[in-house]
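K.L.:
I'd like to ask some things about the structure below.
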Amino acid sequence: MRRPLELLVVSALVLMHAPAFSACAPFVFTNGVAPPACWRPFSLLSPFNKPLPANPRLHPDSKALVAWLGKASLPGPNDLQVIDTVRAPELDYSKPTYYSRPDDPEYRLLFTMPYANKALNGTALRIPAQALPAGGQDAHMTVIDPVRGLVFSLFGVRSKPLHGGVLSAFAGGVQPLSSDGVGGHGGTSAGFSNPLGLIRGAELMAGRIDHALFAVVDCTNGQWQWPAVGPALACGASPVYNGMHFYLDMTPAEINALELPPWRKTILRAMAEYGMFVGDTSGGQGARWQVQPESGRTFSSFGKAIPLVEFARENGIPYGNGQYRMNLRDGIDWGRLKVLAPCVARDGCLAN
């Protein structure tokens with residue numbers, strides 16, 4: 001029997017937000033099979049799903065912020081690191097996504113960290129038995145319930161019995177798919193829901209990423225701005241806020257004219273049309289910033305081929321030490337990056 005608090009939390013979300021999947025015709029969610037490239041989570045009101053206005057308002061310190069991003073040993077972003085989660089699962093710090101069915105094993109959440117939303121403890125959800133969290137220490141896991149239209153974003157999964165029971169994690173949250181996906185109910189330090197901003201293999205194959213990207217920086221200044229609702233790892237030198245929104249100031253014609261592989265232009269167009277939101281930190285991994293691809297465990301947990309790994313192989317990306325490193329740095333003037341003015345509320349920040 002459900003606890004009254006859990007019933008109140010989950011039932012309110014279901015009643016207030018009917019399932020809504022933006023930018024795609026209806027389709028069947030299948031574990032181990034990628035949703036179509038046109039699919040993106042959350043509503044058209046999500047800051048991740050709203051294109052930039054024609055003349056965005058810039059941060060007064062935009063040039064200085066971009067200069068700091070360029071002072072690392074590498075001039076641009078780190079490589080897009082595609083982890084082979086079969087051969088090197090421990091390198092996976094992304095967020096595997098699973099789609100629940102009514103006949104999947106039932107679990108009840110137990111969040112253990114002091115900062116976690118303990119009101120969700122005891123909440124029931126269905127998860128495929130084969131589903132595994134990311135193999136890196138962050139142990140993220142995302143569960144999308146297409147029937148109820150809910151996204152469960154989990155961080156630090158430490159125990160998931162095979163056939164149901166208590167799922168123990170550090171923290172996490174639940175949000176309707178029809179919401180904007182931000183505001184403190186996610187599994188990241190910024191409070192973003194786990195699926196937001198990830199680069200999916202289906203998108204690269206289709207040549208179109210129709211959303212903003214999730215950016216990871218080396219460290220922040222310990223402060224945050226909307227759409228983030230909390231801090232990330234701080235260091236004395238960083239001027240970057242969690243939630244900061246930066247973008248590549250290039251036109252489609254300029255990007256199309258670059259002598260670069262098509263997959264790189266696909267990512268650059270997303271950086272220019274939607275931008276990137278800082279949502280977490282890497283803890284000092286050599287580059288000031290990087291964007292995050294989907295986790296291969298979304299597929300390898302079910303014995304399926306990993307789309308991004310297949311894509312990397314087909315495009316001649318070199319493999320080493322458990323990953324394919326897709327070079328995003330070279331051939332771009334990263335001085336064309338700019339930072340948008342901070343927002344203090346969700347209304348009007350990206351108004352055209």
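The values are calculated or read from the model by the stated rules, or taken from the named source; none is laboratory data. Bear in mind that the values here come from a model prediction, so they are computed numbers and not experimental data. When we count neighbours, we look across all protein chains shown, and the Cβ atoms used for this are built from the backbone with ideal geometry, even at glycine. Side chains are part of the model used for accessible areas, which takes the heavy atoms of the whole protein and leaves out ligands, DNA and RNA. Shrake-Rupley method; radii C 1.70, N 1.55, O 1.52, S 1.80 Å.
K.L.:
Check Lys63 against each of (1) under 25 Å from Ser193 (Cβ atoms); (2) open to solvent by 10 Å² or more (accessible area, probe 1.4 Å) and name the one condition it does not meet.
P.N.:
Exception for Lys63: condition (1).
K.L.:
What strands (runs of 3 or more DSSP E), lying completely within region 214-298, carry at least 2 residues that are among the small types (Gly, Ala, Ser), in contact (Cβ under 8 Å) with a residue 40 or more places away in the chain and touching a His at 6+ places or on another chain (Cβ under 9 Å)?
P.N.:
none
K.L.:
Just give me the residues in region 119-134 being open to solvent by 30 Å² or more (accessible area, probe 1.4 Å) and part of a loop (DSSP other than H, G, I, E, B), in sequence order.
P.N.:
Those that are open to solvent by 30 Å² or more (accessible area, probe 1.4 Å) and part of a loop (DSSP other than H, G, I, E, B): Gln130, Leu132.
K.L.:
How about region 187-209: which of its residues are open to solvent by 10 Å² or more (accessible area, probe 1.4 Å) and either modelled with pLDDT under 95 or of a type in the set (Gly, Ala, Ser) (or both)?
P.N.:
Thr188, Ser189, Ala202, Ala206, Gly207
K.L.:
Of all residues being part of a strand (DSSP E or B) and crowded, with 23+ Cβ neighbours inside 10 Å in region 74-106, which is modelled with the lowest pLDDT? Just the residue, please.
P.N.:
The selected residue is Leu80.
K.L.:
Oh, and also: Please go through (1) aromatic (Phe, Trp, Tyr); (2) under 30 Å from Arg313 (Cβ atoms); (3) in contact with a Ser or Thr (Cβ under 8 Å, 6 or more places away or on another chain) for Phe29 and return the number of the only condition it doesn't satisfy.
P.N.:
(3)
Matching residues to (1) surrounded by fewer than 18 Cβ atoms within 10 Å (Cβ to Cβ); (2) within 25 Å of Gly181 (Cβ to Cβ); (3) out of contact with any Leu (no Cβ under 7 Å at 6 or more places or on another chain):
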site: Met244; (1), (2), (3): no, yes, yes
site: Thr251; (1), (2), (3): yes, no, yes
site: Arg264; (1), (2), (3): no, no, no
site: Met271; (1), (2), (3): no, yes, no
site: Arg288; (1), (2), (3): no, no, no
site: Leu337; (1), (2), (3): no, yes, no
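K.L.:
Here is a further query. Identify, please: which residue in region 137-149 is farther than 16 Å from Gly173 by Cα and either in contact with a Ser or Thr (Cβ under 8 Å, 6 or more places away or on another chain) or β-branched (Val, Ile, Thr) (or both) and is, among those, most open to solvent (accessible area, probe 1.4 Å)?
P.N.:
Val147
K.L.:
If Gly156 satisfies all but one of (1) at pLDDT below 95; (2) over 30 Å from Lys265 (Cα atoms); (3) under 17 Å from the mean Cα position of the chain (by Cα), what's the number of the condition it fails?
P.N.:
Status for Gly156: all satisfied but (1).
K.L.:
Could you grab me the full set of residues in region 304-335 that are open to solvent by 30 Å² or more (accessible area, probe 1.4 Å), in contact (Cβ under 8 Å) with a residue 24 or more places away in the chain and touching a Phe, Trp or Tyr at 6+ places or on another chain (Cβ under 7 Å)?
P.N.:
Selection gives Asn315 alone.
K.L.:
Could you please let me know if Arg148 is touching a residue at least 40 places away in the same chain (Cβ under 8 Å) and more than 19 Å from Val182 (Cβ to Cβ)?
P.N.:
For Arg148, the condition - touching a residue at least 40 places away in the same chain (Cβ under 8 Å) and more than 19 Å from Val182 (Cβ to Cβ) - is met.
K.L.:
Continuing with the same structure: Please find, within region 150-186, the residue that is least open to solvent (accessible area, probe 1.4 Å) out of those that are closer than 12 Å to Leu125 by Cβ and not in a strand (DSSP E or B).
P.N.:
Ranking the candidates gives Gly164 first.
K.L.:
In region 31-67, which residue that is in a loop (DSSP other than H, G, I, E, B), within 20 Å of Ser178 (Cα to Cα) and among the polar types (S, T, N, Q) is nearest to the chain's Cα centre (by Cα)?
P.N.:
Ser46
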